[in-house]
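The values are calculated or read from the model by the stated rules, or taken from the named source; none is laboratory data. Bear in mind the structure is a predicted one, so any value in this text is a computation, not a measurement. Here the Cβ positions follow ideal geometry from the backbone for every residue, glycine too, while neighbour counts run over all protein chains shown. These accessible areas exclude ligands, DNA and RNA; they are computed on the full protein's heavy atoms, side chains included. Shrake-Rupley method; radii C 1.70, N 1.55, O 1.52, S 1.80 Å.
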Amino acid sequence: MKQIFDPVVSTATDLAEAAKKVADDGIGYFRSRIGSLPLVASVLAQETSELTDRDESHYFLVPYRLSPCAYALVTRRVLPIGVGPENALPKARIFHLPAEGTAETLEALITEQLSKENKSSMDFSAPLADRLDLMADEIDKQSNLITGGLVVIGGVVAVVNPLLGVGIAAKAILPSLSSKLSKHGLNHVSDWLRTRKVEKDQQQAIVQATKELKRIQPEIVVDHTLALLEESLASEDPHHDPQLPCSSQLDTPGEALKLKLTAQAISDVYATCLADASSHREAKLHAPDLAWLQSLNEIAQA
């Protein structure tokens, strides 16, 4: 899967060009940073029949020793089949962590970013759910800045960027435009993007209020696959093999989906590293780790 480093999406023209790259080149994610934390913002939404009643945003804190803070952050959106990015489903936010204590690590990194932007520091006396929401808001904002609100669903490029007054809500709503997007990758719709009217402030406020009411309390999951990666990177044993316990995660379709999402997140972070053998030592990767990461990449691509 290809990637774009630090894109600048500030106009409808930029957005059209970025969307064309995604459609033509199969680019799946954008790389940037939140402070010292590498950010991999995925534009490929996972459609699944396992999900019918909510719109999920997943945040993966991936152990990554080539990063100054030893971690990278990956975002991923999961939607029910046939549902576009603009929808009325309840919104869920799930944080995938390699261990219990790493929630505090992520919190510190996001707080550092907010402080650099001269925003008020996070209130550590607030309930955990409120602090998680604040972190997710910051992550979503940074993701949107580098992707321009691009989402790829079922091979169709969708755009949700209120700042540019651009929105392609779903395949079912705009079938003729979706057909053009699939065939030409936004080659012929830049004029449509430029002339798209911004919705009325009052209407936007109502929609946003409805979304807020339907937001589900954020969840924290200690992700078994991330935990295996953390353990392996911490081991000095060159024969330590993280691969053996993985088969236990495939008992149900839901667990299989979770493993695939995590495999995609890890693969996105390590794509550049795996292609550069000279970085393996610094990344704390031994031969069994490399074989395991390759098996995760196969799961991610399945």
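Points to keep in mind about this one:
- Distance (nanometres) between label positions extended 7 Å along Cα→Cβ at residue 216 and residue 301: 3.2 nm
- Rounded to the nearest 10 square angstrom, residue 220 shows an accessible area of 70 square angstrom against a 1.4 Å probe.
- Solvent-accessible surface (1.4 Å probe) assigned to residue 94 amounts to roughly 10 Å².
- Extended-chain gain in nm, criterion 0.36 nm per residue less alpha-carbon gap, residue 243 and residue 277: 10.2 nm
- Cβ-Cβ distance of residue 116 and residue 24, R₀ of 25 Å, FRET efficiency by 1/(1 + (r/R0)^6): the value works out to about 0.10.
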